[in-house]
Structures are given as structure tokens and as C-alpha cells.
Amino acid sequence: MSLFDHSIKDLEQKLHNNEITVEDLVNTSYDRIKEVDDQVKAFLTLDEENARKQAKELDNTSTRDNKLFGMPVGIKDNIVTKGLRTTCGSQFLRNFEDPLYDATVVNKLDNEKAVNIGKLNMDEFAMGSSNENSSFQPTRNPWNTDYVPGGSSGGSAASVAAGEVLFSLGSDTGGSIRQPAAFCGVVGMKPTYGRVSRFGLVAFASSLDQIGPVTRNVEDNARVLEVISGHDEMDSTSADVEVPKYTEALTNDVKGLKIAVPKEYLSEGVASEVKESVMNALKVYESLGAEWEEVSLPHSKYAVASYYLLASSEASANLARFDGVRYGVRSENADNMVDMFKMSRSEGFGEEVKRRIMLGTFALSSGYYDAYYKKAQQVRTLIKQDFDKIFEQYDVVIGPTTPTPAFKIGEKINDLLTMYANDILTIPVNLAGVPGISVPCGFSENGLPIGLQIIGKHFDENTVYRTAHAFEQATDYHTKRPQLGGAQ
Amino acid sequence: MSDISKDQVKHVAHLARLAITEEEAEKLTDELGAIIDYANQLNELDTTDIEPTTHDQNVKNVLRKDEPRKWITKEEALKNAPDQENGQFKVPSILE
């Protein structure tokens with residue numbers, strides 16, 4: 001048994017009772033990384049020297065009332081860390097050794113004395129659903145290393161599932177926290193748009209991006225989100241609304257909870273073993289006194305098309321900053337400035353990133369803007385309205401996180417539209433801006449995890465957490481561990 | 001039906017400041033064509049009079065006093081630069 005099988009609350013108690021030290025926690029991380037990361041490949045950069053130094057300092061402090069005191073965390077590599085290389089999984093930033101400042105979420109973790117273990121692998125610039133688009137290495141699924149961990153926060157989910165860190169931060173633009181959490185059998189939350197400051201998150205699609213926690217249980221997740229939430233004057237899109245104590249919402253009471261189950265989320269594209277797990281979860285909710293009904297989100301099928309146009313358009317603008325002037329790599333083959341831009345970008349970016357920049361540039365270009373970009377924004381309105389209507393009558397929407405369990409490495413990489421369709425159940429949530437969580441709800445025939453997605457109203461993370469927690473307490477899926485490199 | 005020609009792909013690559021080879025242009029024409037073709041399903045929906053959503057929240061302008069604050073130094077700003085000279089970013093010539 002690993003120390004990371006305990007909740008943050010339990011570990012806090014053990015630290016308090018002097019049963020363990022922060023050094024023990026940090027050792028647990030690095031020992032496990034040395035043991036299994038050759039197989040999992042979740043980490044791009046380790047911060048071992050600093051982490052060990054910080055552990056010693058924390059063990060010598062007398063005040064220990066911080067919310068994440070001594071807890072080992074991994075950070076997705078598109079969240080900037082002062083003095084620590086931040087690559088976004090891209091060759092363009094392979095030499096970006098010092099981003100010069102910490103993202104707001106990193107500051108907040110630091111204020112609560114979490115210990116940063118290192119930076120986690122991801123699809124390049126968060127574009128991908130399998131981690132195969134990382135320009136360094138594909139991360140592998142700890143449950144079966146022939147399979148993908150999901151993406152783009154694949155390193156964030158795999159590192160938690162493999163017991164390399166206690167929790168991690170990811171980012172979610174179209175499912176990039178929830179989908180890998182589902183594939184790796186961990187808990188991943190995409191908060192309401194605006195709940196968490198994006199300052200220091202390298203922007204992919206600014207109207208959709210959100211940072212969120214990946215953990216082994218719902219209670220830990222609520223605690224981490226409590227720490228990283230809140231308005232930030234450095235991000236004017238962060239919402240100036242009160243941050244409730246999510247951990248106090250975990251009452252285990254879902255009596256009378258009204259659950260909507262969209263028929264589009266259990267349609268023919270969804271694997272039967274996934275449907276079965278979701279139906280079983282609904283039975284659990286029934287037994288806990290909640291009610292569910294089938295509903296319709298009629299515009300769901302248009303979400304993927306709308307998303308790829310919007311996200312790529314925003315990305316084409318956001319990634320214009322990578323020009324080889326101020327940071328990143330510069331091509332040595334150009335002798336004038338425009339060629340220098342072009343060649344640096346072409347040499348530094350991977351195929352998927354270039355494809356999306358091209359798609360976005362096309363959708364925004366003169367003559368096509370109305371037909372593609374504006375049209376996609378109008379369809380986004382219709383998708384938002386679908387959710388608004390359902391939430392007039394129901395407390396949460398429940399369905400699968402993904403249509404299938406994890407797929408094999410290489411299986412979908414050459415089939416763009418199949419790869420994109422993988423996010424069909426998570427994308428609408430980003431377009432609507434509402435919060436969504438994935439919690440483990442079963443296993444496929446070949447032993448891969450299946451995720452249950454719970455979606456809530458704007459800024460109602462409390463109900464999402466309460467619903468997720470009640471299910472978790474009534475089941476034991478979240479206690480199962482992959483058998484990577486022997487039992488732990 | 002392809003909604004994008006190879007010449008358009010080359011034009012878009014220029015707008016995006018990407019250098020692409022003839023071979024890449026051909027591949028991208030097929031790939032973008034397929035994605036655009038897929039995106040055309042949005043035309044099944046009548047969106048007359050539907051307001052476009054640019055942002056999920058009702059974001060409004062945020063104003064603050066224009067006061068100088070401490071941020072990074074010039075030396076720090078240049079730390080990650082591929083090339084520099086006399087405390088400035090250095091780039092290849094703009095005029096041929």
C-alpha cells in the first residue's frame with residue numbers, strides 16, 4: 001500500500017500525529033517515479049532538488065495549518081512555473097527553461113504548501129485526445145501500457161493513477177481533464193469557465209480553457225479546487241463570485257436530486273459496456289433516493305464541428321506569439337524576418353498543431369468568417385441554450401465521459417475525425433461553460449476504467465461534487481489500482 | 001467536393017506564417033477538405049437571428065488605474081531570447 005492510497009485529510013492527520021513526514025511523502029513520489037515512469041512516461045521535467053529542499057523546510061516548520069501542507073503535486077506542462085522548464089509538449093519550447101513567473105494556480109498551491117514534484121506530459125499545446133501528439137514521448141495508460149492515457153492532460157491523469165503524485169493539475173478545453181481521468185480511472189474536474197484564473201496557463205482557446213484538479217477521490221478534488229478557485233485581477237475573465245467550501249458540500253445526501261440523462265449521450269456511438277456502467281450508476285443513484293429521467297440535448301451532434309472551428313480559430317490567434325523572437329526555438333535557415341517566422345514555426349510545431357492553426361486561420365479569413373467562425377459561434381449559442389433549458393428542471397446532467405474506454409496507441413492517430421469524435425460527450429460542456437467531473441464507474445471487459453460524467457449548472461460545483469461523492473461512497477471503483485510494476 | 005483548393009491552402013499557410021512544402025500542401029488540402037466537409041453539417045441548422053456566443057460569461061471591460069508596477073527586468077525578459085544585442089531582441093533583416 002502506498003501513502004497515496006490515503007486521502008489528503010488522512011495524510012494531514014498522519015503528519016499532525018508525526019506518523020509520517022513531508023519527506024516521506026516526497027520520497028513516495030520520487031521512488032515511484034523511478035520505479036514506473038520508464039513505463040508510464042508521465043513526466044517531462046522533475047523538480048527533485050527543490051522539492052526535497054522544500055520537504056526539509058516544511059518538516060521543520062511548526063505552523064502546519066495550510067490546506068495542502070506537504071502534499072506532492074504534478075503540474076501540466078502548459079502551466080508556467082518560475083525557474084522550471086515549461087514546454088507545452090512542444091519542440092518549439094524545448095529550451096524554455098525559465099518562464100520567469102508562476103501561474104496564479106501555482107502561487108495558490110505554493111501558498112498552501114503543496115510540493116511541486118515536476119511537469120507533466122501532454123499533447124502539444126493541449127491539442128489531442130491521446131497524448132500521442134506530445135513531441136517528446138507518448139504517455140502510456142498505467143492500466144495497460146499498450147493503451148493511451150487520453151489527452152491532452154494524459155500525464156496529469158496517468159501520474160495520479162500510477163501513484164507518482166498525490167494529485168495533479170490539468171487543463172480542459174474540450175475534455176482534456178475529464179477524458180484522461182476516465183481512461184485512467186481517476187477523478188478529474190473541469191470547473192465552470194471563469195472559476196479558476198488562467199493567468200500563466202499557455203492559452204489554447206481562451207473562451208474554453210479551464211484549469212482543474214485530477215485526484216484519486218472526490219474529497220481531495222474538492223479540496224484542491226477550493227485552493228485554486230477565485231477571482232484574479234491578472235485574468236479579467238476570472239469570475240468575481242464567491243468561492244464556496246466545496247468540501248462542506250459532500251453531505252452524502254442525494255435524496256430528491258433531479259438527474260437528467262440525455263438520450264444523445266447513450267446513442268449508438270457509445271460502447272455497450274460503457275452504457276451498462278452508466279445504467280448501473282443510475283441504479284445506484286435510484287437506491288440513494290435520487291430521480292432520473294431521459295431528456296434531449298438536441299444540438300449535441302453539432303458540438304464537435306462547432307468546437308473544432310472555434311477552438312482552432314482561437315488557437316490560430318493565440319499561437320501567433322510563437323514567432324522565434326522572444327523565446328522558444330528559432331530556425332537557423334532563414335535570412336529575413338518573415339521567413340524566420342515561417343521556418344521557426346514550421347520546424348517547431350508538430351503536425352496537429354499546424355493543422356489546427358491552418359483550420360483556424362481559414363475559418364477566420366476574409367470570405368469564410370461568416371460561413372464558418374460566426375456560424376460555429378451561433379451553434380454554440382444553441383448548445384448553451386440546450387443546457388439552460390435542462391437546468392431549469394434538473395440539478396445535474398449525467399452520462400458517460402467518453403464513448404469508449406481507452407484505445408490502443410496508434411489505433412486512431414491516422415483517422416482525424418474518429419479521434420475528434422472521441423470528445424463528443426465532453427466538448428458540449430466547454431461550449432456551455434458549465435462544470436463537469438469524471439469519476440470512475442466501472443471497468444471494461446479487458447480491465448480498462450470507465451468514467452461517469454456529472455455536469456452541473458454554472459458555478460454550482462457544490463452539487464456536482466455532492467453528486468459525485470455520494471456515488472463514490474456507495475461504490476468501490478475508486479479504490480482499484482493498476483498493477484503497474486507490481487502491486488503497490 | 002472539396003471546399004478548399006491547394007492554392008487556398010498555400011495562401012492560408014502564408015497568412016498563418018507557416019512554411020509548407022508542396023507535399024504538405026497536398027496533404028493539408030485533403031485533410032482540411034475533410035474537416036471542412038464535416039463542419040458543413042452546421043448548415044443543417046437555421047441560425048437566422050441567433051446571437052453568436054463569443055464568451056460564456058457576460059464579460060465586461062475591466063478598468064484599473066494606470067499605475068506602474070514591478071514586473072520582470074529587461075535582463076530577465078531577454079533571458080529566453082534566441083538572439084539579442086545591446087539589451088534588445090535581435091531579428092534578421094526586415095528588408096531584403
Taking interchain pairs and intrachain pairs at least six residues apart, which have beta carbon atoms under 6 angstrom, with the first residue in the stretch A:166-194 and under 20 Å from residue A:481 (Cβ atoms) and the second among the hydroxyl-bearing types (Ser, Thr, Tyr) and part of a strand (DSSP E or B)? A:167/A:215; A:181/A:438; A:182/A:438; A:187/A:215; A:188/A:438
Among the numbered conditions (1) over 30 Å from residue A:355 (Cβ atoms); (2) out of contact with any strand residue (DSSP E or B) (no Cβ under 9 Å at 6 or more places or on another chain); (3) open to solvent by less than 10 Å² (accessible area, probe 1.4 Å), tell me where residue A:468 comes up short. (2)
Which of the following residues is in contact with a Leu (Cβ under 8 Å, 6 or more places away or on another chain), without any contact (Cβ under 8 Å) to a residue 12 or more places away in the chain and not polar (S, T, N, Q): A:384, A:342? A:342
Can you tell me how many residues within the stretch A:93-120 are touching a Leu at 6+ places or on another chain (Cβ under 9 Å), hydrophobic (A, V, I, L, M, F, W, C) and open to solvent by less than 10 Å² (accessible area, probe 1.4 Å)? 7
Count - residues of the stretch B:20-43 that are crowded, with 20+ Cβ neighbours inside 10 Å and not in a helix (DSSP H, G or I): 1
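Here are some residues: A:392, A:332. Which one is free of Cβ contacts under 8 Å to residues at least 60 places away in the same chain, away from chain B (no Cβ under 14 Å) and not β-branched (Val, Ile, Thr)? Break it down stepwise before answering.
Numbers: A:332 fails: away from chain B (no Cβ under 14 Å).
After ruling out the rest, the residue left standing is A:392.
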Have a look at A:353, A:379 and point out the one that is buried (at least 24 other Cβ atoms within 10 Å of the Cβ), more than 19 Å from residue B:52 (Cβ to Cβ) and of a type outside the set (D, E, K, R). A:353
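For the stretch A:272-289, enumerate the residues that are open to solvent by 10 Å² or more (accessible area, probe 1.4 Å) and either at pLDDT below 95 or out of contact with any helix residue (DSSP H, G or I) (no Cβ under 7 Å at 6 or more places or on another chain) (or both). Don't jump to the end; show me each part of the working.
Looking only at the stretch A:272-289, we keep the residues that are open to solvent by 10 Å² or more (accessible area, probe 1.4 Å), and these are A:272-273, A:275-277, A:279-280, A:283-284, A:286-289.
A:272, A:273, A:276, A:277, A:279, A:280, A:283, A:286, A:287, A:289 - these are the residues of the stretch A:272-289 that are open to solvent by 10 Å² or more (accessible area, probe 1.4 Å) and either at pLDDT below 95 or out of contact with any helix residue (DSSP H, G or I) (no Cβ under 7 Å at 6 or more places or on another chain) (or both).
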Quick check on residue B:54: is it more than 8 Å from every other protein chain (Cβ to nearest Cβ), open to solvent by 30 Å² or more (accessible area, probe 1.4 Å) and not aliphatic (A, V, I, L, M)? no
Sort through A:445, A:392 and tell me the only one that's open to solvent by 40 Å² or more (accessible area, probe 1.4 Å) and in contact with a helix residue (DSSP H, G or I) (Cβ under 9 Å, 6 or more places away or on another chain). A:445
Of these, A:66, A:27, A:18, which one is over 21 Å from residue A:138 (Cα atoms), open to solvent by 10 Å² or more (accessible area, probe 1.4 Å) and not in a loop (DSSP other than H, G, I, E, B)? A:27
So residue A:340 ticks every box in (1) open to solvent by less than 10 Å² (accessible area, probe 1.4 Å); (2) under 19 Å from residue A:206 (Cβ atoms); (3) among the aliphatic types (A, V, I, L, M) but one. Which box is left unticked? (2)
Here is a list of conditions, (1) open to solvent by 10 Å² or more (accessible area, probe 1.4 Å); (2) closer than 29 Å to residue A:246 by Cβ; (3) in contact with a helix residue (DSSP H, G or I) (Cβ under 6 Å, 6 or more places away or on another chain), and residue A:431 meets all of them except one; can you say which number that is? (1)
Looking at this structure, is residue B:26 more than 30 Å from residue A:303 (Cβ to Cβ) and modelled with pLDDT of 95 or more? yes
Taking residue B:45 as the residue in question, decide whether it is of a type in the set (A, V, I, L, M, F, W, C), within 7 Å of another protein chain (Cβ to nearest Cβ) and in contact (Cβ under 8 Å) with a residue 12 or more places away in the chain. no
Only one of A:205, A:158, A:222 is over 23 Å from residue A:22 (Cβ atoms), part of a helix (DSSP H, G or I) and either of a type in the set (A, V, I, L, M) or over 11 Å from the mean Cα position of the chain (by Cα) (or both). Can you tell me which? A:158
Only one of (1) modelled with pLDDT of 95 or more; (2) open to solvent by 10 Å² or more (accessible area, probe 1.4 Å); (3) in contact with a Lys or Arg (Cβ under 9 Å, 6 or more places away or on another chain) fails for residue A:419. Which number is that? (1)
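I'd like to verify a number: residues in the stretch A:364-423 that are part of a loop (DSSP other than H, G, I, E, B) and not basic (Lys, Arg), how many?
So in the stretch A:364-423, the residues part of a loop (DSSP other than H, G, I, E, B) come out as A:365-368, A:394-395, A:401-407, A:409-415, A:422-423.
Subset that is not basic (Lys, Arg): A:365-368, A:394-395, A:401-407, A:409-411, A:413-415, A:422-423.
Qualifying residue count, the stretch A:364-423: 21.
Within the stretch A:137-150, is there a residue that is open to solvent by less than 10 Å² (accessible area, probe 1.4 Å) and free of Cβ contacts under 8 Å to residues at least 60 places away in the same chain? So that I can check it myself, show each step before the final result.
Within the stretch A:137-150, the subset open to solvent by less than 10 Å² (accessible area, probe 1.4 Å) is A:139, A:141-142, A:148-150.
Going one step further and asking which of them are free of Cβ contacts under 8 Å to residues at least 60 places away in the same chain, we end up with none.
No, every residue in the stretch A:137-150 fails to be open to solvent by less than 10 Å² (accessible area, probe 1.4 Å) and free of Cβ contacts under 8 Å to residues at least 60 places away in the same chain.
The values are calculated or read from the model by the stated rules, or taken from the named source; none is laboratory data. On a predicted model such as this, the values are computed, not experimentally measured, just so you know. When we count neighbours, we look across all protein chains shown, and the Cβ atoms used for this are built from the backbone with ideal geometry, even at glycine. Accessible surface areas use protein heavy atoms only, side chains included; no ligands, DNA or RNA. Shrake-Rupley method; radii C 1.70, N 1.55, O 1.52, S 1.80 Å.
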